[in-house]
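Worksheet for the structure shown next.
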Amino acid sequence: MRKFILACGVAAIFTSVQSSAATYMIGDNDGFGVGVSDNADHPFTGLPPYDNRSAAEKAAMNGAQYTDTYSTTQPGYSPQAGAIATFIFTNLGSGWTQGAMTFDLADFQASTFGATVVTYNGFVQNWAFNDGYPKTAIHSFDLQQNVLNSINSLGSLTVKIDRSASTDFYGFDYAMLTDYNIVTPMPAVPEPATWAMMILGFGVVGHLLRRGKSHVRTAIRFT
C-alpha cells in the first residue's frame, strides 16, 4: 500500500508534460526593435525613416530584412508597383497535414487603404483585416489544404506581400510558420500552487511511510 501511495504521488508530479509544435521564425520577436508590446499602441510616428534592423537583418535574404522596419521595402504612402516583400521558409520536409502562419504587424489597414495581395506558394490569402493606427497586432492563419500540399511538394513556403494596389504603410516584427504535426515534449514548469501541492504530497507520503514503519516495530515488539 505504501509503495502504491508513493508511486501515485510521484506520478502525479512528473506526468504533467506539455508539448510544443515545431516553429520556423523569420525575425526576432523583439517588438520592432524597440520593445513595443504585442497588441498595443506603438510610440513611433510611422513617418520614414523608421529602421531598427540589426546588421544581420539588413543582410538577410529570407525576409528578415523586412523586420524591425516601417515599410522599408515598400516606402511611401502610395501603391508600390513591383515592390513585393518575400518571406522564404526552407527545409520543411513533407508530411504536412496541419499548420499555421503567424505575423506580428503594426498599422495594417487593408480595408482602409486598399487590398494588399498576399500569397503562400502562389495561393492567394485573405488579408482584409484592419488593425488601425498606431496599433500592433498578431495575426495567425491556419494553412489551407492547397498550401499544405504545396509545402509537401516543394519542401518550402514562400510568402509574398504585394502592395501594388494599396496605399497602406505598415511594419513587420516577425513571421512564424508552425507545423503542428511535429510535437516535442517539454517538462511543465510548476506554478507556485503546484509546488505547494507537491510539498504537501511529499509530506503526506512521508507521514504514511513513518506510520507504517512504526506499526512494524510495534508488531515485532509484542510478538
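The values are calculated or read from the model by the stated rules, or taken from the named source; none is laboratory data. Note that the structure is predicted; figures quoted are calculated from it, not measured. Note that we place each Cβ from the backbone using ideal geometry, even for glycine, and neighbour counts take in every protein chain shown.
Selection of region 121-155 for residues being under 20 Å from the mean Cα position of the chain (by Cα) and under 17 Å from Thr97 (Cβ atoms) yields Phe141, Asp142, Leu143, Gln144, Val147, Leu148, Ile151.
Being among the small types (Gly, Ala, Ser), within 22 Å of Asp179 (Cβ to Cβ), part of a loop (DSSP other than H, G, I, E, B) and assigned by TED's automatic domain parsing to the domain that holds Gly155, is that true of even one residue in region 64-79? Explain how you work it out, then say what you get.
Restricting attention to region 64-79, the residues satisfying the condition of being among the small types (Gly, Ala, Ser) are 64, 71, 76, 78.
Checking which are within 22 Å of Asp179 (Cβ to Cβ) leaves us with 64.
Still in the running and part of a loop (DSSP other than H, G, I, E, B): none.
No, because not a single residue in region 64-79 is among the small types (Gly, Ala, Ser), within 22 Å of Asp179 (Cβ to Cβ), part of a loop (DSSP other than H, G, I, E, B) and assigned by TED's automatic domain parsing to the domain that holds Gly155.
Annotation for region 105-128: at least one member residue is in contact (Cβ under 8 Å) with a residue 40 or more places away in the chain, touching a Gly at 6+ places or on another chain (Cβ under 9 Å) and under 14 Å from Ala175 (Cα atoms). Among the residues making up region 86-111, those that are surrounded by 15 or more Cβ atoms within 10 Å (Cβ to Cβ), over 15 Å from Asn126 (Cβ atoms) and of a type in the set (Gly, Ala, Ser) are Gly99, Ala106. Scanning region 29-43 for residues being part of a loop (DSSP other than H, G, I, E, B) and surrounded by fewer than 19 Cβ atoms within 10 Å (Cβ to Cβ) gives a total of 7. Exactly one residue among Thr45, Thr23 is assigned by TED's automatic domain parsing to the domain that holds Tyr170 and modelled with pLDDT of 90 or more, and that residue is Thr23.
It is to be established whether one or more residues within region 153-162 are in contact with a helix residue (DSSP H, G or I) (Cβ under 6 Å, 6 or more places away or on another chain) and at pLDDT 95 or above.
Narrowing region 153-162 to residues in contact with a helix residue (DSSP H, G or I) (Cβ under 6 Å, 6 or more places away or on another chain): 157.
In the following step, the residues that additionally are at pLDDT 95 or above were identified as 157.
Yes - at least one qualifying residue is present in region 153-162.
Just wondering, is there one or more residues in region 123-132 that are out of contact with any Pro (no Cβ under 7 Å at 6 or more places or on another chain), hydrophobic (A, V, I, L, M, F, W, C), assigned by TED's automatic domain parsing to the domain that holds Ser78 and assigned to a strand (DSSP E or B)?
The first filter runs over region 123-132 and keeps only residues out of contact with any Pro (no Cβ under 7 Å at 6 or more places or on another chain), leaving 123-132.
In the following step, the residues that additionally are hydrophobic (A, V, I, L, M, F, W, C) were identified as 123-124, 127-129.
Subset that is assigned by TED's automatic domain parsing to the domain that holds Ser78: 123-124, 127-129.
Filter once more, keeping what is assigned to a strand (DSSP E or B): 123-124.
For region 123-132, residues out of contact with any Pro (no Cβ under 7 Å at 6 or more places or on another chain), hydrophobic (A, V, I, L, M, F, W, C), assigned by TED's automatic domain parsing to the domain that holds Ser78 and assigned to a strand (DSSP E or B): present.
Once region 19-50 is narrowed to residues that are among the aliphatic types (A, V, I, L, M) and without any contact (Cβ under 8 Å) to a residue 60 or more places away in the chain, the residue that is farthest from Asn91 (Cα to Cα) is Leu47.
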